[in-house]
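The values are calculated or read from the model by the stated rules, or taken from the named source; none is laboratory data. Treat the numbers as computed from the prediction; the structure is a model and nothing was measured. Glycine also receives a Cβ, built like all others from the backbone with ideal geometry; neighbour counts cover every protein chain displayed.
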Amino acid sequence: MLLFVCVFVIAPLIELYGIIQVSHTTGVLGALGLLILGAVVGSWLVKHEGLRVFRRFLEQIAANHVPSNEIADGVVIAVAGGLFIAPGFISDIVAMLLLIPPVRRAAGRYLVRRYTAKGGRSRIIRATYSGPIDVTSHEAGAPGGSNRPRRQIPPHPLSGSDDDEPA
């Protein structure tokens, strides 16, 4: 309940106070322009950093490594994007800080520690994919199965396998 009050009551009041203080200094149109500029520049930065992390994510998967750092970076970048969408200078400053790689790594490490269970067991589910997915539950002709031919879902085009490329 305290977190809810902080996020939805106290933070907007602080942002409103900051906007009022900036508008006293720069004027209303100046403050509005700075808010719009912050949102535009912030969205470009989030897109740029997000694509960079996504490329690293794909490289880690291609090398058969678990991309846990890239996932944490992606979550932190998504949080920064949400902060850029929220109107206000303080949230924009926090979002800019989250996009700085050392700060982002520290926030990502915090998230990994926070959402890893005590005793070293992780709460993260690891999934792998190595080919078509069979959507039937029984073999054709088996007891309880259907006599229809088996239907398969082809591999995803971004899965990276070379056998799916057209000749």
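Taking the stretch 49-65 as the range and being within 13 Å of the chain's Cα centre (by Cα) and not in a helix (DSSP H, G or I) as the test, no residue passes.
Does residue 76 satisfy being more than 16 Å from residue 108 (Cβ to Cβ), under 20 Å from the mean Cα position of the chain (by Cα) and among the β-branched types (Val, Ile, Thr)?
no
So which of 41, 112 is among the aliphatic types (A, V, I, L, M) and at pLDDT below 90? Only one candidate passes the filter, namely 112. Contact map, the stretch 76-96: first residue closer than 13 Å to residue 47 by Cα, second residue polar (S, T, N, Q), Cβ cut-off under 8 Å, separation 6 or more or different chains; pairs are 81/43; 84/43; 84/91.
Condition check for residue 91 on (1) within 28 Å of residue 18 (Cα to Cα); (2) modelled with pLDDT under 80; (3) among the hydroxyl-bearing types (Ser, Thr, Tyr): one failure, at (2). Listed by first and then second residue, the pairs linking a residue in the stretch 1-23 that is closer than 18 Å to residue 82 by Cβ and surrounded by 10 or more Cβ atoms within 10 Å (Cβ to Cβ) to a residue that is of a type in the set (Ser, Thr, Tyr) and modelled with pLDDT under 90, with Cβ atoms under 9 Å apart and 6 or more places separating them unless they lie on different chains, form an empty list.
Going through (1) more than 23 Å from the chain's Cα centre (by Cα); (2) closer than 26 Å to residue 100 by Cα one by one, residue 2 falls short only on (2). Within the stretch 28-49, the set of residues being surrounded by fewer than 17 Cβ atoms within 10 Å (Cβ to Cβ) and of a type outside the set (A, V, I, L, M) comprises 30, 33, 43, 44, 47, 48. Taking the criterion of being among the charged types (D, E, K, R) and free of Cβ contacts under 8 Å to residues at least 12 places away in the same chain, the residues of the stretch 97-120 that qualify are 113, 114, 118.
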